[in-house]
Amino acid sequence: MLQLSGKVAIVTGASSGIGYETAKLFASEGAKLVVTARRHSELAKLVADIEQIGGEAVAIAGDIRDENLARSLVEMAESRFGGLDIAFNNAGTTGDPAPVADISADAWQATLDTNLTGSFLGAKYQLPAMIKRGGGSIIFTSTFVGSTVGFPGMGAYAASKAGLIGLMQVIAVEYGMHGIRANALLPGGTDTPMGRATANTPEALAFVKGLHALKRIARPEEIARSALYLASDASSFSTGSTLLVDGGVSINRT
């Protein structure tokens, strides 16, 4: 039996990496998708991939910092597919790494606008749509950085992603009575374009792998499977939680 049969989902940051693989997995499990990212061509490829496996998806390109995009994604889910059950607020950026004293106010704000405010704007419109359906699952991609580990140069990134956990917890208690569950996914190092840009030399990649207890980084589809768990009824009594999918980086000291 398909885990998301009859469900409608929004996935942001869907043009590559975790978002791309999660959208494909959700579709393979029966969900109808509204996907977004900034790059038109990559979204078109994703929609084609989903249709090739017999799924349904529609793409809207845009910037998640734009409130009009957040509204349009929900309106599309409702008009095209009849409602909204799942939202994976996954889009994000590492920003420009720098020590805290060297981060410009503009760079700080740009990172928070994407990682935190963009997800807030998404939730602002997703939650009323889920209430109409009698419940739903809203998922945020946070990170172990700023939650269990402090990384030099990642002050804005860590603050914005930690802020998502606070937002998620408030949503969980505000909307639980409506049957809405809110959770955060905390991946470890993952083989994505954003991850490769951070660990951009063989030496840096080896170092990052070594930080993990499993001595490797994740494949995007491994993180997608955890997103599926939070989206599906398999996690029906999980809300307000942070799910570490980090290969043991949070506890490793070897």
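Derivation of every value follows stated rules applied to the coordinates shown; laboratory data play no part. Source: prediction; values computed, not measured. Every residue, glycine among them, receives a Cβ derived from its backbone with ideal geometry; neighbour counts consider all protein chains shown.
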*Within a Gaussian network of the chain (alpha carbon springs, distance under 10 Å), most fluctuating of 16, 236, 104*: 104
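Given a Förster radius of 30 Å and the C-beta distance between residue 197 and residue 237 as r, what FRET efficiency does 1/(1 + (r/R0)^6) yield to the nearest 0.05? Numbers along the way, then the final one.
Numbers: r = 37 Å, r/R0 = 1.25.
My answer for the efficiency is 0.20.
Please tell me which of these pairs span more than 24 angstrom C-alpha to C-alpha: 32/124; 24/132; 24/215; 124/161; 161/209? Each step should come with its number before you reach the end.
Working: 32/124 21 Å; 24/132 26 Å; 24/215 27 Å; 124/161 18 Å; 161/209 21 Å.
From the list (32/124; 24/132; 24/215; 124/161; 161/209), the Cα-Cα distance tops 24 Å for 24/132; 24/215.
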*With springs connecting C-alpha atoms under 10 Å apart, model the chain as a Gaussian network and identify which of 187, 128, 202 has the largest mean-square fluctuation.*
202
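Nearest-5 percent of antiparallel DSSP beta bridges in the range 1-153? Spell out each step's value before the answer.
Working: 0 of 19 bridges.
Restricted to the range 1-153, the bridges split so that about 0 percent are antiparallel.
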*Work out the FRET efficiency for residue 251 and residue 109 from their Cβ-Cβ distance, taking R0 = 45 Å, and round it to the nearest 0.05.*
0.85
*FRET efficiency estimate (nearest 0.05) - Cβ-Cβ, residue 52 to residue 102, R0 30 angstrom*: 0.05
*When the Karplus curve 6.51 cos²θ - 1.76 cosθ + 1.60 is applied with θ = phi - 60°, which whole-Hz ³J(HN,Hα) does each residue of the range 24-36 get, with x for Gly and Pro?*
5, 5, 4, 5, 5, 9, x, 7, 9, 10, 10, 10, 8
*Given H placed on each backbone N at 1.01 Å, which residues far from residue 180 in sequence or on other chains put an amide H within less than 5 Å of it?*
136
*What trypsin sites (Lys or Arg not before Pro) does the range 204-254 have in DSSP loop regions with at most 10 other beta carbons within 10 Å?*
253
*Helix 220-231: angle to the longest alpha-carbon principal axis of the chain, degrees 0 to 90, nearest 10?*
50
*asked:* With +1 on the Cβ of every Lys and Arg and -1 on the Cβ of every Asp and Glu, and nothing else charged, how large is the dipole of the range 8-245 about its Cα centre, in debye rounded to the nearest 20?
replied: 320
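How would you order 85-94, 133-142 from highest to lowest mean count of nearby Cβ atoms within 10 Å?
Working: 85-94: 25.9, 133-142: 23.4.
In decreasing order of mean packing, 85-94, 133-142 become 85-94, 133-142.
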*In the Gaussian network model of the chain, springs joining C-alpha atoms below 10 Å, which of 157, 20, 229 carries the largest mean-square fluctuation?*
229
*Do any trypsin sites (Lys or Arg not before Pro) in the range 43-110 lie in a loop, going by DSSP, with at most 16 other beta-carbon atoms within 10 Å of their beta carbon, and if so which?*
65
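Mind checking the dipole of the range 1-64: about its Cα centre, +1 per Lys or Arg Cβ, -1 per Asp or Glu Cβ, Debye to the nearest 20? Let's see the in-between values first.
Details: 6 positive and 7 negative charges, 17 e Å.
With only Lys, Arg, Asp and Glu charged at Cβ, the dipole is about 80 debye.
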